[in-house]
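The values are calculated or read from the model by the stated rules, or taken from the named source; none is laboratory data. All values derive from a computational prediction rather than experimental measurement. Counting neighbours? That spans all protein chains shown, and the Cβs are built from the backbone with ideal geometry, glycine included.
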Ligand SMILES: Cc1cc2nc3c(=O)[nH]c(=O)nc-3n(C[C@H](O)[C@H](O)[C@H](O)COP(=O)(O)OP(=O)(O)OC[C@H]3O[C@@H](n4cnc5c(N)ncnc54)[C@H](O)[C@@H]3O)c2cc1C
């Protein structure tokens with residue numbers, strides 16, 4: 001394709017969905033990925049994806065060989081492993097674990113059928129810019145070992161955590177480096193268990209410093225006797241190795257004794273609110289490259305797919321209007337950030353609270369049910385931690401032994417509401433961005449619970 005309208009860098013879930021939407025809407029779309037075609041979609045992951053994302057985007061549910069198993073419900077374990085919180089009917093979580101490679105290949109096939117041209121083994125080095133406008137990308141064709149340049153009206157960075165375009169753009173709209181505390185380092189294994197799972201549809205989540213300091217451990221069923229087990233931790237320097245922590249977990253949790261490892265790999269995922277702007281001049285960001293990930297559980301497949309649909313539509317409109325400046329692309333910001341992005345942002349506050357709570361306080365909170373399954377589900381839906389007056393009183397009585405914890409909960413609840421409101425008022429144009437972002441950053445900085 002000589003003169004594409006759109007070049008999408010990265011054929012992960014976000015890139016494939018975005019490229020497909022662009023092509024469906026009549027845009028000449030080139031998709032570049034450094035991997036060979038059959039390896040596209042093979043990504044280290046927990047493999048869990050909620051049905052709600054498919055309902056929201058109209059993308060077909062996983063089926064046939066893509067499905068490892070159905071998921072309905074999660075058990076959340078506090079550090080003591082007692083007083084487990086059983087979350088059932090969590091529509092924002094329930095869905096499937098998938099064969100990541102088969103799922104990714106299906107999204108790729110759908111993009112190609114819609115008219116997208118894929119150049120695989122194309123390693124993108126960075127953007128080509130003229131003044132502040134991105135006008136194309138440079139890439140190396142790994143098959144022929146030749147260098148290429150391709151121009152496009154719009155470049156979309158869907159390169160995942162690497163953010164290969166985003167990291168090479170310097171202007172006030174684009175956030176480059178992400179703080180270490182906002183990155184989860186993960187290690188996961190697919191293992192065959194010695195015994196069948198008692199509840200093969202229920203995911204397990206483990207909190208506490210022993211298993212995953214400032215993060216969590218997970219066991220997601222992949223079949224009657226197979227699971228995806230992993231550990232993800234945040235926190236910058238001195239956080240330890242998730243691989244070593246997973247090793248310890250396997251030595252202490254009986255279900256995992258003597259299991260057989262089928263596959264093991266590490267990876268990283270951003271767990272912050274999305275980028276303050278998802279666009280700049282001639283360029284837009286989607287998926288992990290845009291930090292579109294749920295900050296409490298690190299799930300990003302769904303968020304990236306949702307954003308990809310919006311971005312495809314905005315790209316078409318901007319190209320039709322011939323306005324590929326940040327202003328012309330701004331509707332992607334307003335449409336995504338004031339809806340799903342808003343939910344992700346308020347969950348960053350919740351993540352900061354969870355990370356600050358000491359293990360003994362966490363155990364106490366679980367024992368006294370200071371947080372209930374409904375709270376978790378409401379928070380994840382973006383409804384905050386809105387407790388009724390009666391509820392508050394009831395919990396104050398139950399939590400009397402830990403006023404510090406209750407105050408933290410109350411503070412988090414207030415900040416979640418504030419940040420939610422700020423996102424609902426996302427600026428209508430780049431002019432108001434600085435002021436808006438300063439107020440959001442100040443809210444995030446207030447979400448420091450250690451001081452209480
Ligand atoms: C251990 C772990 C567990 C997770 N568990 C879950 C889970 O259970 N559920 C969930 O929803 N999410 C989970 N996530 C997060 C989820 O995997 C990501 O949010 C999601 O895959 C991001 O999709 P993406 O398309 O943005 O990026 P990616 O899937 O990373 O795709 C990026 C693509 O860009 C290509 N690329 C990168 N650099 C270049 C370059 N220079 N040139 C050309 N191509 C390039 C890559 O080859 C890749 O194909 C997990 C993440 C990790 C690390």
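Scan region 108-127 residue by residue and report those that are farther than 15 Å from residue 13 by Cα, in a strand (DSSP E or B) and within 14 Å of the ligand (Cβ to nearest atom).
Within region 108-127, 119, 122, 123, 124, 125, 126, 127 qualify.
Consider residue 127 carefully, then state whether it is touching a helix residue (DSSP H, G or I) at 6+ places or on another chain (Cβ under 9 Å), farther than 30 Å from residue 253 by Cβ and surrounded by 19 or more Cβ atoms within 10 Å (Cβ to Cβ).
Considered against the rule, which asks whether it is touching a helix residue (DSSP H, G or I) at 6+ places or on another chain (Cβ under 9 Å), farther than 30 Å from residue 253 by Cβ and surrounded by 19 or more Cβ atoms within 10 Å (Cβ to Cβ), residue 127 comes out as yes.
So which residues in region 158-203 are away from the ligand (no atom under 11 Å from the Cβ), over 16 Å from the mean Cα position of the chain (by Cα), farther than 21 Å from residue 281 by Cβ and surrounded by 16 or more Cβ atoms within 10 Å (Cβ to Cβ)?
Selection gives 190, 191, 193, 197, 200, 202.
Would you call residue 285 within 12 Å of the ligand (Cβ to nearest atom), buried (at least 24 other Cβ atoms within 10 Å of the Cβ) and more than 25 Å from residue 228 (Cβ to Cβ)?
Values: within 12 Å of the ligand (Cβ to nearest atom): yes; buried (at least 24 other Cβ atoms within 10 Å of the Cβ): yes; more than 25 Å from residue 228 (Cβ to Cβ): yes.
Here the answer is yes, as residue 285 does meet what is asked.
Would you check if there is a residue in region 267-274 being farther than 25 Å from residue 343 by Cβ and crowded, with 16+ Cβ neighbours inside 10 Å?
no
Please verify whether residue 246 is away from the ligand (no atom under 11 Å from the Cβ), surrounded by 21 or more Cβ atoms within 10 Å (Cβ to Cβ) and at pLDDT 95 or above, treating the condition exactly as stated.
Here the answer is no, as residue 246 does not meet what is asked.
Among the listed residues 60, 55, identify the single one that is over 20 Å from residue 226 (Cβ atoms), away from the ligand (no atom under 16 Å from the Cβ) and surrounded by fewer than 21 Cβ atoms within 10 Å (Cβ to Cβ).
Working: 55 fails: away from the ligand (no atom under 16 Å from the Cβ).
Answer to the check: 60.
With respect to residue 298, determine if the residue is within 16 Å of the ligand (Cβ to nearest atom) and at pLDDT 95 or above.
no
So that you can scan it fast, the table gives a plain yes or no per residue for (1) on the phi < 0 side of the Ramachandran plot; (2) touching a residue at least 60 places away in the same chain (Cβ under 8 Å):
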| position | (1), (2) |
| --- | --- |
| 156 | yes, yes |
| 160 | no, yes |
| 168 | yes, no |
| 173 | yes, yes |
| 178 | yes, yes |
| 207 | yes, yes |
| 217 | yes, no |
| 227 | yes, no |
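Being out of contact with any strand residue (DSSP E or B) (no Cβ under 9 Å at 6 or more places or on another chain) and buried (at least 24 other Cβ atoms within 10 Å of the Cβ) narrows it down to one of 312, 304, so name that one.
304
Please specify each residue of region 176-194 satisfying the condition of being in a loop (DSSP other than H, G, I, E, B) and either under 23 Å from residue 104 (Cα atoms) or at pLDDT 95 or above (or both). Reasoning before the result, please.
Going through region 176-194, the residues in a loop (DSSP other than H, G, I, E, B) turn out to be 176-179, 193-194.
Of everything in region 176-194, those that are in a loop (DSSP other than H, G, I, E, B) and either under 23 Å from residue 104 (Cα atoms) or at pLDDT 95 or above (or both) turn out to be 193, 194.
Okay, residues lined up against (1) near the ligand (Cβ under 8 Å from one of its atoms); (2) farther than 20 Å from residue 153 by Cβ; (3) not in a loop (DSSP other than H, G, I, E, B):
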position: 2; (1), (2), (3): no, no, no
position: 7; (1), (2), (3): no, no, yes
position: 27; (1), (2), (3): no, no, no
position: 31; (1), (2), (3): no, no, yes
position: 35; (1), (2), (3): yes, yes, no
position: 42; (1), (2), (3): no, yes, no
position: 46; (1), (2), (3): yes, yes, no
position: 49; (1), (2), (3): yes, yes, yes
